[in-house]
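Remarks on the structure that follows.
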Amino acid sequence: MTLFASLLLSLTICGSIGIKLIGHRYEDVYIVIQNTVAEDPEIIDNIKETFTTASSLLFKATHRRVYFGKINIVIPKEWTNIPNTKQIPSIKLPNFILVDKGQNENPFVKSTECGKEGLYMYLHPSFLLKKGETGYGRKDKVIVHEWGHLRWGLFSEYHSSRKNKFYLDKGRWKPTVCTENIQGRIGIGKFCSTVEEKCQPQNGERRMPSNCNFCPYREQTTNVSIMGYQFVESVNFFCDKDDTSVPVWQRHNHKAPTKQNLLCNGKSAWEVMREHSDFKNGNTPLPDNTNTDPEFVVLKETNAIRVFVLDISGSMNTEDRIGHLYRTSTYIVDSVLPLDSWLGVVCFDEKSKITAQMTKISSDSVRKTLIQSLPSQTAGGTCIGCGITEAINMLNSTFGTAENAEIILMSDGQDGDAGMLASATRLASESHVIIHTVSISQAADPRMIDLAKNSGGKIYTYLDKGSISFAAVFSQVISFSVTEMSAQPETMLFMSVSVPNSAMNFAFKMETDSGLNTTITVLTKLASNAKLTMEVTGPGSTNFKTVDGTSLTYQIPGVLKAGEYQVNVTSSQATTWDYTVSSMPTGSNQIKSRTRLSQNSFDFNGAPTDMPVVYADITKGYAPVTGVDVFAIVEGAKGLLCNLSLTDDGLGPDQILDDGTYSAFILPVCMENNRLNLRVRISGSKGRARVQIGGSGAIATEEPDITYEDLEDDFQRFSIPEPLFVQNLPNNLNLPPGRITDLSIVHMKTRKTAYGESRNFTIAWTATGGDMNMGKASAYDIRIAEDIDTILNNFTNAQKFEVGNVTLSPKPSGSAEAIRISVNAVESYTGTAFLGIVAIDENQKAGQVSNVVSFLVAKGFRIQVEEVAYYTHGLFDGKTDEVDGMDKKTVNQQPSLVANVLIVFCLVAMLSV
C-alpha cells in the first residue's frame, strides 16, 4: 500500500466537488461535523437514521423522482473512537450540511436566490441527538424542508414577521399558510391558547391585531406544503401551481405574504423545482418499491496536500511580480500553512522543474528548507500545462494518486503551448485534482479560470495597480480544514499602498472572542542591507517592538485585549508596502465574514436586466449580525472604479431584512472589460451592531421571540470575494428601475357617515432608483385588478389607477414615499382587489412589479387622493389617526374597475420580508 493510500480515500468526483444528481440519486452529499462538537457515536447513528427516513420522504414528495444515494459524513481528526472510518485530505465544499454548536438551535439554510443552491445547511447537535420528534417536527420532514432551500432555492411558506401573519382576502383575514386548507386556531400567545374577541378574522374592516397568531394543528389530515409548517403530521408534498390541473389540496397559495411568493414572484415550490436541472429535462418516476436507503461513508479529515505551481517566465519581471511572489509565498510557507500539511513546489517557464518534492511540514526547519525552493529569478516563456503535468506526476509518484490534492497555480501570461495545456487539462480532470488559480495581471491566460471551475477550485486575481495585497490574495486560496470552520483565522486588515517615505503606520481593531495569535505581516521591497522596525501599541500596557530583515511577519503571543491598536513601521527606504493583520478566534462564537458574488462572469450581450450583486454574510455563532457598516471597493486595470455601500434592509438586491447578509448591485459605472477585484470593508460599532437570536430557520411549535444581543466592542473585517469577469461592456446602457418590495398600508381609519361609510388609508413604500436602485425614477405606474395573477403576470392589462392632478414624482432611491386615499360609498364591501406599483425611468423603461397589497371592494365610489408631502417609515403604528404636513388634491374618479368595484380599505397582502 502506498503512503497516500493510507491517508486518502479515493472519491469518484465528476468535474467538481459538490452535490450531484446521478440518475435519480444524489451523490457526494457531505455532512461535516465541526470539531467544536464533542465526540459521540450516537450522532453518527442518528444521522444515518434521520437521512434514511428523509430519503424515503424526499422520494415520495418529489413523486418518486429523487432520493439520497451516497452521503459522506466527515468527522474531525480529533475523534478517535468511530469505527470503519476512511481518511480524506481537507477539501473545499461548495454546498454541504454543517453540524455545529451555534447560538441558534433552529435548523436553517444560508440561502442565496430563488432557484439557486444555498451555501450550507446548519444542524445543531441537539437536533440530531433528540429522541423522537423535535420541537420542529419529525426530523425527516425538517431535513426535506431544508433540502428544498439548499438544493432548489425554495423559500418558506409561512409568515416571517409580525406584519404578515395574516392577509386580507374575500373580506376576511386569512393566516399566511400554504395550502389554504390547513387547519388551526387563531388566538393570543405562542399556542393561541387565549382566544380574545379582538382576534376576529371575519372582521375585514380593521387591522388584525399584531399579537394575534395562527397555530396550525399538529395532527390533522389536510395535506400541507413541506415548505410550510413542517411540524404538521400531514406534511408530505411540495405545493404546485394554483391551477385546475393540480389537486386542490396541493395548490399553491400565491396570495399569502410568504418569502416564497415575494422572492420567487408568486411561483409555487414545484414551479421553481421544474426549472432546476434536477427536473428540467424530465425525470421519469421510479417504481414505488424502489430502495431509497442511502449509502453512508464516514470520513476522517487528515492534513491538506498542496503543490505550488509558480510562473517564472520573463513577464514576471514586470512590476516586480516575481518579487511580490517570492516575498508573499515565503510568508505563506512560514506563517500560514499549518503544521503536518504537505507541500511541493513546481516552477515553470517554457518547461517545468520540481524545486521541492512533496514534504510534510513538521517543524520550522522544514519551513526554512521549503522557503529556499521558492523562486526569485525569471527566464523564458510560459508553459502552464508543463507545470500542471509535473505537479500531478509528482503527486502520483509520492502518494499513488493525486485525487483531492490541491494545486495552487499562479501565472501572469498566456500559455505558449496549447497542446500541452489541453493535455494537462484532461489529465487534471482524470486525476480529480483540485486546482486553485491566481491570475497575476489582466493578461493572465483565461483558460486558468476553466481549470479552477472544472475542478471545484477557487479563482482569484492580483492586479498590479490595485490596493489588495498579494498576501491577501494568496491567503484566500489556502483552504483550511472543513471541520475547523470556527477556528479559522479572520482578516482584520489588508492593504497595498505606495508610500515613498521610510515610515508607515496603520491601525486595526480587535474585539472580545478574537485576538489569539494575532499575526501582523509587512512585506516590501528593500535593499539587502535595509532593516524594518515595527512597533505595536494598544489598550493598557500593550507595547511590542521587533526588528527584522527585508520583510517582517510578527505573531503576537497570547490573546490581545479588545480595542484599537496602532502599528508604526520604519525602514531606511521603501516604495510599496503590503500589510495584513489576521487573528485566530478564542471561542466558537467569533464574528465571521464571508463575501461572494451572485455570479463571477457577466456578458452584456443580450441586454441583461439583472446586474451582478456582491454579498457579505456576517454572523456570530451562525446568528446574523445586524447594524454593520459594509463597503466594497471595486478595482480594475485602471485602479479604483467605485465604492459601494452594502445594506441589509430587504430592499434593492437585498432579499431579507436583518438576516446578516448585506448586498449591493455592481452597476456598469463600476465596471470595465476584463477582470474586476473587490475589496470589502466591514465595520461594527459598539451600541449599534447586534446579534439577532432566533427568527430564522425551521419554525418550531413553540417559536421563541426574537431577541438581540448588543456587541460589546467595535470590530472590523476585510474580505475578498472571487473576481468578476466582464465582457462587452457598452458605452451607454439604459437599465430599468429597481423593484419596490415593501409596498404596504401603514395607516387606516373608518368613519360612519349619513350616506354610508368613509374610509381612508395611506399607502407607503420605499423609492427605488432610475437605474436599478441608483438615482431616481421618473414616474410610478399604479394598477389594480380583481385577481392577483393579472397584477403579477399581466400588469399592463390591469386597470390603471388614476390619481388625477396629484403629483407622484418619485423621490431619490431609498426615500420614503406615501399617498393617502379617502373613499366614500354606500355599498357593502364584499370583494377583494389587488394593487401593485411599477417604477418608470426617463426612457419609459419599466421595472419589475412590486409586491402586492389587497383591498376590500364594493360597487360605486367617490375617491379622494391626498399627496403626503412628508412621511418617514414607521410614522404610522396603527394608533395615529392623522398625518402632519399633507397637501390635499381631490380627484372625483368614475367607477372603472371590473363590476365598478370600490377600492376602500386594506392591509398588507404581500409585505417585504
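Worth pointing out:
- Residue that is farthest from ALA700 (Cα to Cα) [pool: residues in the range 135-145 that are part of a helix (DSSP H, G or I) and open to solvent by less than 10 Å² (accessible area, probe 1.4 Å)]: VAL144
- Residue in the range 570-578 that is open to solvent by less than 40 Å² (accessible area, probe 1.4 Å), at pLDDT 85 or above, part of a strand (DSSP E or B) and within 30 Å of LEU667 (Cβ to Cβ) present: yes
- The numbered conditions (1) modelled with pLDDT under 90; (2) closer than 29 Å to GLY836 by Cα are all true for GLY282 except (2).
- Listing of strands (runs of 3 or more DSSP E) fully contained in the range 59-122 that carry 3 or more residues being at pLDDT 95 or above and more than 23 Å from the chain's Cα centre (by Cα): 70-75
- Residue that is farthest from ASN236 (Cα to Cα), among those in the range 25-37 that are buried (at least 20 other Cβ atoms within 10 Å of the Cβ), in contact with a Phe, Trp or Tyr (Cβ under 7 Å, 6 or more places away or on another chain) and not aliphatic (A, V, I, L, M): TYR30
- Among (1) at pLDDT 95 or above; (2) closer than 18 Å to ILE656 by Cβ; (3) open to solvent by 30 Å² or more (accessible area, probe 1.4 Å) - the single one GLY148 does not satisfy: (3)
- Among the residues making up the range 151-170, those that are at pLDDT below 90 and not in a helix (DSSP H, G or I) are TYR158, HIS159, SER160, SER161, LYS165, PHE166, TYR167, LEU168, ASP169, LYS170.
- The condition of being open to solvent by less than 40 Å² (accessible area, probe 1.4 Å) and modelled with pLDDT under 80 holds for only one of LEU552, LEU526, that being LEU526.
The rows are residues; the columns are (1) closer than 30 Å to TYR708 by Cα; (2) of a type in the set (D, E, K, R); (3) surrounded by 18 or more Cβ atoms within 10 Å (Cβ to Cβ).
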position	(1), (2), (3)
GLU39	no, yes, no
LYS48	no, yes, no
ALA54	no, no, yes
LYS60	no, yes, no
THR80	no, no, no
ILE97	yes, no, yes
LYS101	yes, yes, no
PHE108	yes, no, yes
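- Close pairs (9 angstrom Cβ cut-off, 6 or more residues apart or separate chains): without any contact (Cβ under 8 Å) to a residue 12 or more places away in the chain in the range 206-226, among the β-branched types (Val, Ile, Thr) and not in a loop (DSSP other than H, G, I, E, B) anywhere: PRO209/ILE188
- Condition check for ILE618: surrounded by fewer than 21 Cβ atoms within 10 Å (Cβ to Cβ) and either modelled with pLDDT of 95 or more or over 21 Å from GLY697 (Cα atoms) (or both): no
- Residues located in the range 213-247, provided they are surrounded by fewer than 18 Cβ atoms within 10 Å (Cβ to Cβ) and of a type in the set (Phe, Trp, Tyr): TYR217
- Residue match in the range 657-679 (condition: in a loop (DSSP other than H, G, I, E, B), open to solvent by 30 Å² or more (accessible area, probe 1.4 Å), modelled with pLDDT under 95 and under 15 Å from GLU635 (Cα atoms)): yes
- Candidates ALA471, ALA424, ALA452, ALA444, filtered to the one that is in contact with an Asp or Glu (Cβ under 6 Å, 6 or more places away or on another chain), open to solvent by less than 10 Å² (accessible area, probe 1.4 Å) and not in a loop (DSSP other than H, G, I, E, B): ALA471
- Selection from the range 515-531 of residues that are hydroxyl-bearing (Ser, Thr, Tyr) and over 26 Å from LYS592 (Cα atoms): THR524, SER528
For (1) within 20 Å of VAL853 (Cβ to Cβ); (2) surrounded by 19 or more Cβ atoms within 10 Å (Cβ to Cβ); (3) at pLDDT 90 or above, each residue gets a yes or a no:
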| residue | (1), (2), (3) |
| --- | --- |
| SER719 | no, yes, yes |
| ASN728 | no, no, yes |
| ALA767 | yes, yes, yes |
| TYR780 | yes, yes, yes |
| ASP787 | yes, no, no |
| ASN794 | yes, no, yes |
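- When the range 186-205 is filtered for residues that are under 38 Å from the mean Cα position of the chain (by Cα), open to solvent by 30 Å² or more (accessible area, probe 1.4 Å) and within 23 Å of SER854 (Cβ to Cβ), only ILE186 remains.
- Some residue of the range 406-417 being without any contact (Cβ under 8 Å) to a residue 40 or more places away in the chain and more than 28 Å from VAL581 (Cβ to Cβ): yes
- The range 719-739, subset of a type outside the set (S, T, N, Q) and not in a loop (DSSP other than H, G, I, E, B), residue nearest to the chain's Cα centre (by Cα): LEU724
- Tallying residues that are more than 17 Å from GLY18 (Cα to Cα) and buried (at least 21 other Cβ atoms within 10 Å of the Cβ) within the range 110-124 yields 2.
- ASP877 vs. criteria over 18 Å from PHE801 (Cα atoms), at pLDDT 80 or above and either open to solvent by 10 Å² or more (accessible area, probe 1.4 Å) or not β-branched (Val, Ile, Thr) (or both): no
- Number of positions in the range 476-514 that are open to solvent by 30 Å² or more (accessible area, probe 1.4 Å), among the small types (Gly, Ala, Ser) and either assigned to a loop (DSSP other than H, G, I, E, B) or within 16 Å of SER593 (Cα to Cα) (or both): 2
- Residue match in the range 687-706 (condition: over 20 Å from the mean Cα position of the chain (by Cα), surrounded by fewer than 18 Cβ atoms within 10 Å (Cβ to Cβ) and closer than 24 Å to LYS509 by Cα): yes
- Of residues in the range 579-601 being crowded, with 22+ Cβ neighbours inside 10 Å and within 21 Å of GLY684 (Cα to Cα), the one modelled with the lowest pLDDT: GLN590
- Consider the range 394-420 and keep the residues that are part of a helix (DSSP H, G or I) and open to solvent by 10 Å² or more (accessible area, probe 1.4 Å). The one that is nearest to LYS638 (Cα to Cα) is ALA418.
- Number of the exception - ASN393 against (1) at pLDDT 95 or above; (2) within 17 Å of GLY457 (Cα to Cα): (2)
- Complete set of residues in the range 769-778 that are out of contact with any strand residue (DSSP E or B) (no Cβ under 7 Å at 6 or more places or on another chain) and surrounded by fewer than 22 Cβ atoms within 10 Å (Cβ to Cβ): MET774, GLY775, LYS776
- Check on VAL177, part of a loop (DSSP other than H, G, I, E, B), of a type in the set (Val, Ile, Thr) and under 30 Å from ASP45 (Cα atoms): no
The values are calculated or read from the model by the stated rules, or taken from the named source; none is laboratory data. Computed from a predicted model, the values in this text were never measured in an experiment. When we count neighbours, we look across all protein chains shown, and the Cβ atoms used for this are built from the backbone with ideal geometry, even at glycine. Areas reflect the complete protein model, heavy atoms only, side chains present, ligands, DNA and RNA absent. Shrake-Rupley method; radii C 1.70, N 1.55, O 1.52, S 1.80 Å.
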